[in-house]
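The values are calculated or read from the model by the stated rules, or taken from the named source; none is laboratory data. On a predicted model such as this, the values are computed, not experimentally measured, just so you know. We place every Cβ from the backbone using ideal geometry, glycine too, and count neighbours over all the protein chains shown.
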Amino acid sequence: MKPGVPRSHIKIIMGFTLFNVLLWISSIVLAATHNIHLSAETLPNGQHGYKMLSHTSSDGSTPTYPNEATIPGPTVFVKQGDVLNVTLTNNTPLNVGLSPGSIEATPGETQSFTYTANDVGTLAYYDKDSHLVGLFGALVVDNADGSVDNFIDENGTIVASKRADLDKEFVMFMIGSTFWGAEIVNGTQMPLWTNPTLGAVKDDVVRFHILSLGPGHTWHLHAHRWPDKASTSIIDVKLLNDISDSHSFTIKAGAGVGTGYWQYHCHLFSHMEAGMAGKFHVVAKGEAGNSIAGASPSGSIFLNSSDAPGLVTFEISDEPGQWFRSIRGDALSPITKTKSLEIIPPGSSVHFIMSDTNAVHTITSLLWPSDADDPDHGDHRAIPFNQTKAYKGGGILKLDVPGLYVFTCKIHPYMFGAVIVDDPATSGLDLGESIDIITGINDLPTSSDLATRLLRTFFVATVQENWQDYTSSKPWHPNYPSVDVRISGGAVANLKTVLESRYGQDIKLASLFNPTTPGVGEVWINTQFEKTAGKTKPGTITVLDAATWKIKGKIALPEINMNNPHNMWSNRDQSIIFQTQWFDNKLTFINRKDGRLINNIQIGNTPSHVVTLPTNDDLTVAINGENGVRIIPAGTMVPEPMIMTQLPGQTAAGPHGHWVTPDGKLIVTPNVNTSDIGLYDTTTGGIVARTPAGGVFPAAPHPLAVGVSVDKVYTTNLLDHSMNVSGLDGTLIKTINLIADYDPVSPTGPDTIKDRDGDGLVTVGVLPIQTPVDPTGRVVVTANTGGSITIIDTTLDKVVAMLPCDPGCHGVNFGAKLGGGYYAYVTSKFSNELIVVDVDLNNPANSSIAGRISLVADKSVPADDQIIKLAGTGGQGVYAIPNVYNGWVQNLPDQWKANLTAAQLEPVQ
Amino acid sequence: MDLKSRADFSACDKNWLCVRRKNQSSHCSAEWIILPVLIFLISIFPYAGDVVAEQPATGNHHHIEMFADKPHPDYEYLAYRMVRHEVTDRNGLTTDITSRYSAAAIIPGPTIIMDEGDVADITLYNQIPNPERIELHENVSLHVHGVHYDIISDGTLKYINLVQDEGATLVQSYTYRWNAAPGTAGTWPYHDHNMNTHNGAEDKGLFGALIVNPASNIAAINQGGSSQAISLSSIEKDYILYILDDTFVGTEINRQTGQQIPIWTNPTLSAQSGSNIRLHLIALGTNLHQFKLPGYSWPEPGTPNIIEEKAIGPLEKHVVVIQAGSNSSYMDTTFAGKAQNMIGSLNVNP
């Protein structure tokens, strides 16, 4: 700092003293009374915002407010000690409140409260439930003498400033991964919407109010610096902590650095990747320095024409099917038949906000129009949209190239949201000439079977009503939108007609039947989407008695709002079930005998699978949203630090469906985020090997689950439709192409699926997931989301049989069959039955479906909560008690061993 | 587990010497060495005369050349490496201080130390082999925080600054001017803002610290529960501790000799009992952190307050000056920090 600074310090100190005296007087004499009438409104894109209806003040002047509801809402400027009589009229269909008041107005209702502005500073007013989707604004409480934050000039002098000296003020809310801005110039407020270009003239004195609600951020403005509030510490990055925080500061535009487009952005790396940036444009004196508003909820989108760029918003949700839910989904779905499809013209933007989820996610392009990522034109800086690792926040991107865009989450790869960018000049909604897929398939015609098969999968996965109900006598009737779409070659076709003619309609579902030979023990199934009355989050555990094939119980755990229970394991004596909550950060301990909660602990973001070490019964929990496997010593519920799945500073691996070798020496993880298979030493925690998953299309094979035989590891590559076979030292032995008999590129026809590899069999495993090896090591059973079960003979390492499965076929695990042998229990997300596969260990090709069992409980079944919706659906993790895998079966207590044969007790001879 | 990971990370640094003439890794093909060296040689000559005209009268003028490297072909890490650092003082006397730095590419990158009032011209060379994408002329850059620079030294792409791509490509170096003008004293991050995407590859290791020592020559320390000014010359060591999402990673700087030593992940810090050390904390990544050093408290920068922990978000900086007393451990006490064992020792020698 300059030598002259102490003098200005004295000035500041004197100023403060004077100010404090004035403040004391002002609170008695000068306090103004404000009558403020706000309303809550719904904006054209379905978001909500506050609008100023009237503001009068006993001290006279009030700002000129926008005459519409805006995000952020109107900025309310008052002085310390002022009294605010606030009235809120709720014109939305939701209950809306206004913190810091404690009111809540029902739809159509008006409520009031009085608030005294005791503390100087900028704070957010907001609705406690809907703040992440627009119901927020800033309340600025200034010092009674009008003094504002000091700024630092180009000579390093800290300069005191008053509100009257300001050329303009910006309010910038950091919400999800998007800035929502407003500008105040000479008492006139202008909405600037999302990621605006903020304009200023060189040497303008500009105050910024930065606010955040929800997950935290760091604010950074290039080339400018400011005192951190009243301190003399000069900063250019400021933390806005989780939940609610604010920071205000004053700068002299371009001081010491000159004119230019200076970027402002959140400095959280994931948020930068999600598009959380804009420009601060400092122009030379004599120029205008106007700001430019960004994409807005009132701008141009399907069903709302406007000259301004528009914005559609997807809420990221834990609600089954609606993982990407357009906030105006109710208005769109009569046309689109899903809440997860949005339509915009070129130049408008799509916005994501993780407002209804407890998990971390990525917002990742699954497919996009082929020319959207062209380096010469298009949006190659934004497409494919992706972030390095899972995070909390949101995302925003502008789309200029017409065609179909589908987004997913790398951690939860069945979450889908789609956007059609439709050129209004062409007939039919533009699906585009061709698409590129994240797996490295380029220029796939939109008329191809794979393109329409993916579209059909999208409409099945995102619409609860399109899921298969095996308790209904009606045929399966998925609804598709009856809209004209423009596809390859400029052809225009009706989408519903195309999908129904290619994939059928009113399909008769198979009949349910019990296996003739009982199983041993119990089968625990994560019916992950089943909804109950006592909690907001979905998911139950369905417990099946393998001796009678009757449902013994339903466990929802409403007391902990159990959220998307995904996978299970048990301790050695089979008394405790360990349950992961995949859209949350919890691991739950459940008493197997009575289904009661033992404990619910924070374990890490988005835990996926849990497996014990056969050697000592320690728990290993894959932390799918992060970068390691968490260990909990046997008999305790206190996690130790993680076994890290990568070296320090490397990209988080995101392990999903891991396994442990029967000798307990190695943890094997499919690393979804880094596309490799990790082998980790359970004693040292060190990395033994990380084998690139490769696959047929090596761009992002997405290894998701593993099975371990006596000497090999089998890993499914979800997005690559392939299976890697590797050794226990990590050596890749073979990649099995599960779609060798499938022609993805041609339009659907009789030859789409046929024996192309000449092995005499027609087998297709589209989107393979769980893939355990039976306890003897002979057979791999794989659940393929595309609706098939494939059987691999490990002596040949090839697919020897295919069995039918349901849409969203997902989980597999082995349990003992009474009298010898094993059943593979197979679950499906988008149906409500369990498929029992009788595995033929002598001739795996002869494996067959032994039974189909409803997962819907009747009223007589004991349950800890009332089932209200999606009964029996969402089948994912499945776990048979007793655990009969080699390495574990030997440690069973005697009473569990009693029902097993000698061969089952020592499966590997 | 922690030690094992650390050993792995340090071990790979032995091979992080792609462009070091003496110790060439067998993984490096010759073209990736010859091309940058040529650029390097060509650019030295016109460069010196260019900047003298703007030599400021107030402080020292730094001439710095750095490489952005891929230290090991099998790992995704990228890192900066100091090639030349000369300082010309206001009397025109030039000192070469290159030998203070590690000769290898390191994480964090070389710590650039300036005095308030100094100016630096920094030329960056792109040594990151990328034969598959050479046609893209992919940029790597230096974006610095805190100090003054004009729009062409922002280190961003034209996509952002609407002037030009401000980075080094495989065939073109880029020179930045940083002006540590009065009022910019403090510790600041510098990092890439261009590589791979417009977000840059800061998360791959392309980051370092700039220390602008104040003209006042004063730091603040906690003495008996209140903030007391001490002379900067009483500080024996500077430690740079970057706080990444999963680890601390650091550099030790001897303030007497200026020598910089990379000390890698969750390093053990050491100090003579009674000596003053200064920790420069900068976070980088996506996680928020809570820094603690149990048994110690320090002045909150720019205030009279004494604090014993600090919330730090990505690219925030926080400077802690302490007098070494008892052994302790620095740590991130957030849930993620504990789960990942983000902790290291402070050893105080009697």
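For the range A:465-488, which residues satisfy the criterion of being touching a strand residue (DSSP E or B) at 6+ places or on another chain (Cβ under 8 Å) and part of a helix (DSSP H, G or I)?
A:488
Matching residues to (1) of a type outside the set (Gly, Ala, Ser); (2) at positive phi; (3) more than 14 Å from chain A (Cβ to nearest Cβ):
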{"position": "B:235", "(1), (2), (3)": "yes, no, yes"}
{"position": "B:240", "(1), (2), (3)": "yes, no, yes"}
{"position": "B:243", "(1), (2), (3)": "yes, no, no"}
{"position": "B:251", "(1), (2), (3)": "yes, no, yes"}
{"position": "B:258", "(1), (2), (3)": "no, yes, yes"}
{"position": "B:268", "(1), (2), (3)": "yes, no, yes"}
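Quickly run through the range B:284-315 and pick out the residues that are within 8 Å of chain A (Cβ to nearest Cβ), touching a Ser or Thr at 6+ places or on another chain (Cβ under 8 Å) and small (Gly, Ala, Ser).
Residues satisfying the conditions are B:302, B:313.
Can you tell me which residues in the range A:222-243 are at positive phi, at pLDDT 95 or above and more than 7 Å from chain B (Cβ to nearest Cβ)?
A:243
Residues that are free of Cβ contacts under 8 Å to residues at least 60 places away in the same chain, away from chain B (no Cβ under 14 Å) and touching a helix residue (DSSP H, G or I) at 6+ places or on another chain (Cβ under 9 Å): does the range A:353-371 have at least one?
Scanning the range A:353-371 turns up at least one residue that is free of Cβ contacts under 8 Å to residues at least 60 places away in the same chain, away from chain B (no Cβ under 14 Å) and touching a helix residue (DSSP H, G or I) at 6+ places or on another chain (Cβ under 9 Å).
Could you pull out the residue among A:85, A:118 that is modelled with pLDDT of 95 or more, surrounded by fewer than 17 Cβ atoms within 10 Å (Cβ to Cβ), assigned to a strand (DSSP E or B) and out of contact with any Asp or Glu (no Cβ under 7 Å at 6 or more places or on another chain)?
That would be A:85, the only listed residue that is modelled with pLDDT of 95 or more, surrounded by fewer than 17 Cβ atoms within 10 Å (Cβ to Cβ), assigned to a strand (DSSP E or B) and out of contact with any Asp or Glu (no Cβ under 7 Å at 6 or more places or on another chain).
Taking the criterion of being outside any loop (DSSP other than H, G, I, E, B) and crowded, with 23+ Cβ neighbours inside 10 Å, would at least one residue in the range A:376-388 satisfy it?
no
Take the range A:781-810 and flag every residue that is more than 18 Å from residue A:833 (Cα to Cα), outside any strand (DSSP E or B) and touching a Ser or Thr at 6+ places or on another chain (Cβ under 9 Å).
A:794
From A:573, A:484, A:506, grab the single residue that is surrounded by fewer than 17 Cβ atoms within 10 Å (Cβ to Cβ) and under 30 Å from residue A:888 (Cα atoms).
A:573
Residues in the range B:240-250: is at least one farther than 25 Å from residue B:191 by Cβ and either part of a strand (DSSP E or B) or not assigned by TED's automatic domain parsing to the domain that holds residue B:340 (or both)?
Among the residues of the range B:240-250, not one is farther than 25 Å from residue B:191 by Cβ and either part of a strand (DSSP E or B) or not assigned by TED's automatic domain parsing to the domain that holds residue B:340 (or both), which makes the answer no.
Could you tell me whether any residue of the range A:297-319 is in contact with a Leu (Cβ under 6 Å, 6 or more places away or on another chain) and within 10 Å of chain B (Cβ to nearest Cβ)?
No.
Kindly indicate which of A:200, A:223 is touching a Lys or Arg at 6+ places or on another chain (Cβ under 7 Å) and crowded, with 24+ Cβ neighbours inside 10 Å.
Among A:200, A:223, only A:200 is touching a Lys or Arg at 6+ places or on another chain (Cβ under 7 Å) and crowded, with 24+ Cβ neighbours inside 10 Å.
Can you tell me which of B:189, B:214 is surrounded by fewer than 24 Cβ atoms within 10 Å (Cβ to Cβ), within 28 Å of residue B:252 (Cα to Cα) and within 12 Å of chain A (Cβ to nearest Cβ)?
Result of the check over B:189, B:214: B:214.
Given the range B:269-350, what strands (runs of 3 or more DSSP E) lie entirely inside it while holding 1 or more residues that are under 20 Å from residue A:226 (Cα atoms) and not assigned by TED's automatic domain parsing to the domain that holds residue B:145?
B:276-283, B:309-312, B:317-323
Can you work out which of the residues in the range A:404-429 that are among the hydrophobic types (A, V, I, L, M, F, W, C), in contact (Cβ under 8 Å) with a residue 60 or more places away in the chain and out of contact with any Leu (no Cβ under 9 Å at 6 or more places or on another chain) is surrounded by the most Cβ atoms within 10 Å (Cβ to Cβ)?
Only one residue tops the list, namely A:415.
Surrounded by fewer than 23 Cβ atoms within 10 Å (Cβ to Cβ), away from chain A (no Cβ under 14 Å), within 24 Å of residue B:311 (Cβ to Cβ) and of a type outside the set (Ser, Thr, Tyr): does that describe residue B:276?
When the stated conditions are applied, residue B:276 does not pass them.
Could you tell me which of the residues A:831, A:746 is touching a helix residue (DSSP H, G or I) at 6+ places or on another chain (Cβ under 8 Å) and either more than 30 Å from residue A:452 (Cα to Cα) or touching a residue at least 12 places away in the same chain (Cβ under 8 Å) (or both)?
So the residue among A:831, A:746 that is touching a helix residue (DSSP H, G or I) at 6+ places or on another chain (Cβ under 8 Å) and either more than 30 Å from residue A:452 (Cα to Cα) or touching a residue at least 12 places away in the same chain (Cβ under 8 Å) (or both) is A:746.
Kindly indicate which of A:516, A:542, A:439, A:536 is farther than 26 Å from residue A:342 by Cα, in contact (Cβ under 8 Å) with a residue 12 or more places away in the chain and either in a loop (DSSP other than H, G, I, E, B) or more than 30 Å from the chain's Cα centre (by Cα) (or both).
A:516
If you go through the range A:263-278 one residue at a time, do you hit one that is over 16 Å from the mean Cα position of the chain (by Cα), in the same structural domain as residue A:457 (by TED's automatic domain parsing) and hydrophobic (A, V, I, L, M, F, W, C)?
No, there is no match, as no residue in the range A:263-278 is over 16 Å from the mean Cα position of the chain (by Cα), in the same structural domain as residue A:457 (by TED's automatic domain parsing) and hydrophobic (A, V, I, L, M, F, W, C).
Within the range A:375-384, is there a residue that is touching a residue at least 40 places away in the same chain (Cβ under 8 Å) and within 12 Å of chain B (Cβ to nearest Cβ)?
yes
Looking at residue A:254, is it assigned to a loop (DSSP other than H, G, I, E, B) and either in contact (Cβ under 8 Å) with a residue 60 or more places away in the chain or within 14 Å of chain B (Cβ to nearest Cβ) (or both)?
Spelling it out, residue A:254 is indeed assigned to a loop (DSSP other than H, G, I, E, B) and either in contact (Cβ under 8 Å) with a residue 60 or more places away in the chain or within 14 Å of chain B (Cβ to nearest Cβ) (or both).
Can you go through B:211, B:230, B:235, B:221 and tell me which one is of a type in the set (Val, Ile, Thr), within 21 Å of the chain's Cα centre (by Cα) and outside the structural domain of residue B:170 (by TED's automatic domain parsing)?
On inspection, the qualifying residue turns out to be B:235.
Of all residues in the range A:147-165, which are over 17 Å from residue A:247 (Cα atoms), touching a residue at least 40 places away in the same chain (Cβ under 8 Å) and surrounded by fewer than 20 Cβ atoms within 10 Å (Cβ to Cβ)?
A:153, A:154, A:155, A:157, A:159, A:160, A:165
With under 19 Å from residue A:805 (Cβ atoms), in the same structural domain as residue A:752 (by TED's automatic domain parsing) and out of contact with any Asp or Glu (no Cβ under 7 Å at 6 or more places or on another chain) as the only criterion, which of A:527, A:536 stands out?
Just a single option satisfies the conditions, and that option is A:527.
For a quick check of your reading: which strands (runs of 3 or more DSSP E) sit entirely within the range A:605-683 and have at least 2 residues that are within 13 Å of chain B (Cβ to nearest Cβ) and in contact with an Asp or Glu (Cβ under 8 Å, 6 or more places away or on another chain)?
By residue number, A:628-632, A:642-644.
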